[in-house]
Structures are given as C-alpha cells and as structure tokens.
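For reference, the structure is listed below as structure tokens.
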Amino acid sequence: MRPPIDQTIRIGELVFDAQVAGPEDGEVVLLLHGFPQSSAIWRPQLEALAAGYRAVAFDQRGYSPGARPEGVENYRIDHLIDDALAVGGDAPFHVVGHDWGAAVAWHLAGRHPGRIRSLTALSVPHPIAFATALALPLADQRQRSTYIAFFRQTDVAEEALLAGGLAAMLTASGYPGDVDERVRAMSQPGALTAALNWYRAIDLNLLRGLGSISVPTMYVWSTGDIALGREGAEATGRHVDGAYRFHVLTAVSHWIPEEVPETLNRLLLEHLESQ
C-alpha cells in the first residue's frame with residue numbers, strides 16, 4: 001500500500017498543505033480536521049480509503065501556513081465552505097469531518113447537497129441540534145461549551161493557551177496524540193490566533209440556510225466526549241431526511257480518529273460502500 005502523498009493546493013491567493021492517497025479516478029473522499037489539529041489525524045483513514053477512493057485531507061484555513069489570512073472576517077463559515085468545495089473538486093464527493101471539520105461538513109451537505117455524495121460527521125452534531133441542546137435548561141451542553149466564550153477573547157486566550165492551557169486542555173480531554181507536537185504547531189507565528197478565529201467568527205450564519213440533510217449521513221458520537229453531550233447527539237437524527245446511521249462509541253474520548261482508527265475505518269468503509 002502506497003503512503004499518502006504530500007501536496008499543495010492553491011485556491012486563489014491561499015496555498016493549502018494536503019495529503020492525497022488512492023487512484024486519481026476514484027470517488028473523492030474529503031477529510032476535514034478540527035481544532036487544534038491538522039490533516040495528519042487522517043493518516044489511517046487515507047491508507048484505508050486508498051484501495052478504491054481518492055482520499056484528500058488538507059490543513060484547513062489558518063492551519064496551513066500559506067493559507068493564514070489575518071482578520072476574523074476571513075474565518076466565517078462561508079469561507080470555510082468555499083475552501084472545502086474547491087479542494088473537493090467539481091464532481092460530487094464524499095465528506096468526512098471531525099470537530100470543526102464536522103461543522104463544515106454539515107454545512108456542505110445542507111447547503112450544497114448536489115455536490116455531496118455522502119456525509120460522515122464525527123463528534124459534532126447537526127448545528128441546529130447543537131444549538132437546541134445549548135438552550136435546554138436541564139442539558140449540560142452549556143457547561144460543556146464554556147470554553148468557547150474563553151476562546152473568543154482576543155489575546156487573552158492566546159496568552160493562556162500558550163502558557164500551558166492548551167496542553168492541559170488536551171490532556172484533560174483524553175487526547176491520545178502527541179500533546180507537545182500540537183503545542184509546537186500552535187505556537188508558530190499566527191497559528192493559534194488563526195485557529196481561534198474560527199470560534200471568533202461564529203455568528204448567525206452558522207444556522208442560517210441550514211435545514212434538514214438529504215444526503216446519506218453517518219454520525220458518530222462517543223460517550224467519553226467532554227465537549228459534546230448526549231442531548232445534541234441524540235437529536236441529530238431529527239435533522240436528517242436521507243438515509244441515516246448513528247453510532248455511539250462507548251468510553252471513547254472526543255478524539256475519535258486517533259483513539260479508535262480501526263473502528264472508524266470499518267464504519268466509514270461500510271458507510272461509503274453502501275451508497
């Protein structure tokens with residue numbers, strides 16, 4: 001099996017770092033990472049998909065050094081969607097997303113169903129289900145999400161996270177990867193601010209124009225996720241009109257791709273091959 005190939009992808013003035021695997025004529029599977037990660041989390045999936053699919057994972061806006069524009073306005077959801085559509089190509093493609101990548105994936109499927117063959121969302125529920133869980137007085141999602149308000153504090157969040165807060169957050173959440181490597185990556189000039197700008201750019205557009213999902217959808221949630229609770233996860237199915245699979249991983253942390261790659265590969269291949 002050939003390892004993924006490192007590539008750069010230019011979109012206008014932005015240059016994205018990417019990893020690509022599989023036959024050039026295969027159906028494209030676009031893999032979208034979340035905070036504070038990179039396309040490296042998808043290495044096991046790239047290798048598993050390469051037998052029959054054209055798997056593409058890229059360091060998203062702010063995470064690629066060549067695609068790190070200044071200003072919160074450059075990290076609004078419409079820009080993130082446009083990046084993914086451009087990298088995915090002209091033909092309909094499958095999309096897989098984790099964390100913030102899942103949020104982008106939900107929007108791709110909801111706003112551009114004609115471009116999406118199937119959706120796989122990991123951890124993050126449908127945005128309307130998430131918003132509803134946030135508003136429920138008896139749910140714990142509001143408490144789980146208090147970090148978001150902190151992340152939106154310009155300069156304050158950067159100082160605290162780079163002074164040890166990021167390492168502590170990753171460790172407390174059960175991160176199975178190399179914490180020091182993630183801290184080093186986020187310590188590069190402008191990297192952490194760009195990543196936090198995804199949170200600072202949150203506005204009503206995160207829900208506007210996003211209805212029920214019509215494409216075949218698989219949603220995977222884990223009971224050990226300290227950031228995302230059961231209420232939003234279980235409500236997600238109400239916002240999917242197409243074929244829907246909901247898998248609950250018991251005692252698995254938020255970091256599904258790295259913690260249980262073999263399980264994810266099996267579920268992902270089953271989902272894709274059922275289309």
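The values are calculated or read from the model by the stated rules, or taken from the named source; none is laboratory data. Given the structure is predicted, the values throughout are model-derived calculations rather than measurements. Backbone-built Cβ (ideal geometry, glycine too); neighbour counts: all protein chains shown.
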Review point. What are the residues in segment 65-89 that are within 25 Å of GLU181 (Cα to Cα) and more than 15 Å from the chain's Cα centre (by Cα), if any?
Key: PRO65, GLY66, ALA67, ARG68, PRO69, GLU70
Review point. Looking only at segment 249-270, which residues are out of contact with any strand residue (DSSP E or B) (no Cβ under 6 Å at 6 or more places or on another chain) and within 24 Å of ALA172 (Cα to Cα)?
Key: HIS254, TRP255, GLU258, PRO261, GLU262, THR263, LEU264
Study note, to complete from the structure: Log entry, pairs with first residue in segment 113-140 being among the hydroxyl-bearing types (Ser, Thr, Tyr), second being modelled with pLDDT under 95, beta carbons closer than 8 Å, six or more apart or on different chains, reads SER118/GLN275
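Condition check ((1) surrounded by fewer than 19 Cβ atoms within 10 Å (Cβ to Cβ); (2) polar (S, T, N, Q); (3) touching a strand residue (DSSP E or B) at 6+ places or on another chain (Cβ under 8 Å); (4) under 19 Å from ALA185 (Cβ atoms)) across all residues:
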{"residue": "GLY26", "(1), (2), (3), (4)": "yes, no, yes, no"}
{"residue": "GLY34", "(1), (2), (3), (4)": "no, no, yes, yes"}
{"residue": "ARG43", "(1), (2), (3), (4)": "yes, no, yes, yes"}
{"residue": "TYR53", "(1), (2), (3), (4)": "no, no, yes, no"}
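For every residue, the table says whether it meets (1) among the small types (Gly, Ala, Ser); (2) touching a strand residue (DSSP E or B) at 6+ places or on another chain (Cβ under 8 Å).
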position	(1), (2)
ALA84	yes, yes
GLY88	yes, yes
LEU108	no, yes
GLY114	yes, no
ALA131	yes, no
LEU138	no, no
PHE151	no, no
LEU162	no, no
Check your understanding: With (1) under 27 Å from ASP17 (Cα atoms); (2) under 18 Å from the mean Cα position of the chain (by Cα); (3) of a type outside the set (S, T, N, Q); (4) surrounded by 18 or more Cβ atoms within 10 Å (Cβ to Cβ) as the list, and HIS126 as the residue in question, which single condition is left unmet?
Key -> (1)
Point to revise | Number of positions in segment 135-147 that are surrounded by 14 or more Cβ atoms within 10 Å (Cβ to Cβ) and touching an Asp or Glu at 6+ places or on another chain (Cβ under 9 Å) | key: 4
Exercise for review: Answer yes or no as to whether ALA51 is in a strand (DSSP E or B) and of a type outside the set (Asp, Glu).
Suggested key: no
Exercise for review: With the condition kept exactly as written, say whether any residue in segment 138-148 is among the hydrophobic types (A, V, I, L, M, F, W, C) and closer than 20 Å to LEU196 by Cα.
Suggested key: yes
Practice item. Residues that are farther than 18 Å from ALA133 by Cα and over 17 Å from the mean Cα position of the chain (by Cα): find the helices (runs of 4 or more DSSP H) completely inside segment 169-275 holding 1 or more of those. Key: 179-186, 191-200, 261-273
Check your understanding: Does PHE150 satisfy the criteria of being surrounded by fewer than 16 Cβ atoms within 10 Å (Cβ to Cβ), of a type in the set (A, V, I, L, M, F, W, C) and assigned to a helix (DSSP H, G or I)?
Key -> yes
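Here is a yes/no grid of residues against (1) in contact (Cβ under 8 Å) with a residue 40 or more places away in the chain; (2) farther than 15 Å from GLY34 by Cα; (3) not aliphatic (A, V, I, L, M):
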residue: ILE148; (1), (2), (3): yes, no, no
residue: ARG152; (1), (2), (3): yes, yes, yes
residue: ALA191; (1), (2), (3): yes, no, no
residue: TRP198; (1), (2), (3): yes, no, yes
Review point. GLY164 versus (1) surrounded by fewer than 17 Cβ atoms within 10 Å (Cβ to Cβ); (2) outside any helix (DSSP H, G or I): which is the lone unmet condition?
Key: (2)
